[in-house]
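Report on the structure given below.
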Amino acid sequence: MNWKQLYNMQKELDRYIEKNNNLENKNVFQEKHLALLVELGELANETRCFKFWSQKPRNEKHIILEEYVDGIHFILSLGIENDYYYMSEKKTMPTFTETEQFIKVFQACTLFHSFPTEENYQAMFESYLQLGKLLGFTEEDIQRAYLQKNEVNFKRQDTGY
């Protein structure tokens, strides 16, 4: 995965959003963190992995991937804001169920919020990537979807989203 490219693209998008919304030099860490948690919840909802009471199937893979990439945007943005950059290329496959992995990611996000250290950022990012693997996404899937969604996010800013 070309993380450097994605971080650079996210920096451009963040600057564009900050300029368009008069947010230069404002700390929006709390808002970005809450946005990440909301996106994670939306992602879980699309997978329906926790809905043991329902017979309805999970959403289509491309919709789940789009929700997943929304989380990547906020994780990158939180890293940029703290001058942290994901550096690991671990290829470990999680041994948890989807529900357990979602909980692990929520816990990692909460820990990073309470203690925004680089170590906790790396752990949060890694747990999110493990979730992506568990959901069946390749690095190519994630990068392609990120590029597409990044373009959409710029257009949204231009249309007053």
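Residue under question is E140, and the condition is that it be acidic (D, E) and free of Cβ contacts under 8 Å to residues at least 12 places away in the same chain; does it hold? Can you show your working first?
Values: acidic (D, E): yes; free of Cβ contacts under 8 Å to residues at least 12 places away in the same chain: yes.
Considered against the rule, which asks whether it is acidic (D, E) and free of Cβ contacts under 8 Å to residues at least 12 places away in the same chain, E140 comes out as yes.
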Here is a list of conditions, (1) surrounded by fewer than 19 Cβ atoms within 10 Å (Cβ to Cβ); (2) among the polar types (S, T, N, Q); (3) under 17 Å from T47 (Cβ atoms), and T110 meets all of them except one; can you say which number that is?
(3)
Counted residues, the range 1-48 - those being more than 16 Å from L76 (Cα to Cα) and either among the charged types (D, E, K, R) or not in a helix (DSSP H, G or I) (or both):
10
When the range 112-139 is checked residue by residue, the ones that are acidic (D, E) and touching a Phe, Trp or Tyr at 6+ places or on another chain (Cβ under 7 Å) are E118
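If only one of E126, E81 is closer than 19 Å to V28 by Cβ and out of contact with any His (no Cβ under 9 Å at 6 or more places or on another chain), which one is it?
Values: E126 fails: closer than 19 Å to V28 by Cβ.
It is E81.
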Inspect all residues belonging to the range 87-97 and state whether any of them is in contact (Cβ under 8 Å) with a residue 40 or more places away in the chain, assigned to a helix (DSSP H, G or I) and touching a helix residue (DSSP H, G or I) at 6+ places or on another chain (Cβ under 8 Å).
no
Can you confirm whether the range 14-27 contains a residue that is crowded, with 17+ Cβ neighbours inside 10 Å and modelled with pLDDT of 95 or more?
no
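The values are calculated or read from the model by the stated rules, or taken from the named source; none is laboratory data. Note that the structure is predicted; figures quoted are calculated from it, not measured. Glycine gets a Cβ as well: all are built from the backbone with ideal geometry, and neighbour counts include every protein chain shown.
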